[in-house]
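Reading through the structure tokens given below for one structure.
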Amino acid sequence: MSEIEQIRQLERKSKMRNAVWTTAVFVLLILWAIIVLFPFYWMLLTSLKSYGSYNSEYVPKFYTLSLTIENYIKAFTAVPLARYFSNTIIFTLITTGLMMLVVVLSAFAFSRLEFKGKNLVFTLFLSLMMIPNELVVITNFVTITNAGLRNSFAGLILPSVTSIFYIYLLKENFEQIPEELYKAAKVDGTSDFKYLWKVMIPICRPTIVTVLILKVIECWNAYVWPRLITDDENYFLVSNGIQTIRESGFGRENIPAMMAAVVVISVPLIIIFLIFHKKIMEGVSRGGTKG
């Protein structure tokens, strides 16, 4: 066998191994996708089944020929789901807006400004990330209760207006901007706020958008704190509101309508993630890479 034929044979074997490996990876990814997506499919399917059809199934069926939107109507009429939605939107918008203001200004201060004890303060901030959230929840609960802010939007919002992790992420991103650019702007008489607004925020927009989206998702999924600080239904968010629905007679008896409510609550986050998932990954990778 000539040397050329041996090389070709090795190339064929290499291509075959690559093809087998690629096929195996795709098969595993497909199986994993089925496992991950099946609960969402089952939730959506159940929400589209009629109450009678669902209860008549002695063996659960993975399909239905009689689709109905009656459960979605019941989800909004039998329980105050619209109020939960409006409360969650108010909570998310105000909390996210205040947090972005605190995080951006804090990250700018730690990355560009010089003040006594800056490194020590930042180290102490980072050390707070080691404290379990459960301990912080207890402290916040006592503080908010003593301040008389239970069952109010202020009580819901105030403990969530900052994040050490987001400050750290944005600080690392700000530090990637050459310091010479900041010094040149100061020589030209540019104020710190104007430099932040005109230079740093546009350059670091992917990371800022990522923090914004992640905070929106965090607010929408908030459960422990809203459940702890509110017992007035007028201030329930979708998370603890859906738990109340589940515990009530409506949620226990009418499972299809309960699933319809869960679908309605889940759809906004799914849409946000599908639209912005590339920006989230880009922003996290930029924030975690220095230099």
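The values are calculated or read from the model by the stated rules, or taken from the named source; none is laboratory data. All values reported here derive from a predicted model rather than from experimental measurement. With ideal geometry, Cβ positions are generated from the backbone for all residues, glycine too; neighbour counts draw on all protein chains shown.
What residue, of V25, V103, is touching a helix residue (DSSP H, G or I) at 6+ places or on another chain (Cβ under 7 Å), modelled with pLDDT of 90 or more and surrounded by 10 or more Cβ atoms within 10 Å (Cβ to Cβ)?
Going through V25, V103 in turn, just one is touching a helix residue (DSSP H, G or I) at 6+ places or on another chain (Cβ under 7 Å), modelled with pLDDT of 90 or more and surrounded by 10 or more Cβ atoms within 10 Å (Cβ to Cβ): V103.
Checking the conditions here, which among Y84, Y63 is of a type in the set (S, T, Y) and in contact (Cβ under 8 Å) with a residue 40 or more places away in the chain?
Only one candidate qualifies: Y84.
On the basis of being assigned to a loop (DSSP other than H, G, I, E, B), touching a Ser or Thr at 6+ places or on another chain (Cβ under 6 Å) and either surrounded by 16 or more Cβ atoms within 10 Å (Cβ to Cβ) or assigned by TED's automatic domain parsing to the domain that holds I217 (or both), does K49 make the cut?
yes
Which of the residues belonging to the range 65-76 are of a type in the set (G, A, S) and either loosely packed, with under 12 Cβ neighbours inside 10 Å or part of a loop (DSSP other than H, G, I, E, B) (or both)?
Once the filter is applied, which keeps residues that are of a type in the set (G, A, S) and either loosely packed, with under 12 Cβ neighbours inside 10 Å or part of a loop (DSSP other than H, G, I, E, B) (or both), the range 65-76 yields only S66.
Is it fair to say S111 is within 30 Å of A185 (Cα to Cα), among the small types (G, A, S) and at pLDDT below 90?
yes
For the range 131-186, name all the residues that are in contact with a Cys (Cβ under 9 Å, 6 or more places away or on another chain) and either surrounded by fewer than 12 Cβ atoms within 10 Å (Cβ to Cβ) or small (G, A, S) (or both).
Correct list: S160 only.
So which of N221, N240 is closer than 27 Å to T162 by Cβ and at pLDDT below 85?
The match here is N240.
Return only the number of the condition from (1) under 26 Å from I265 (Cβ atoms); (2) not in a loop (DSSP other than H, G, I, E, B) that V79 does not satisfy.
All conditions are met except number (2).
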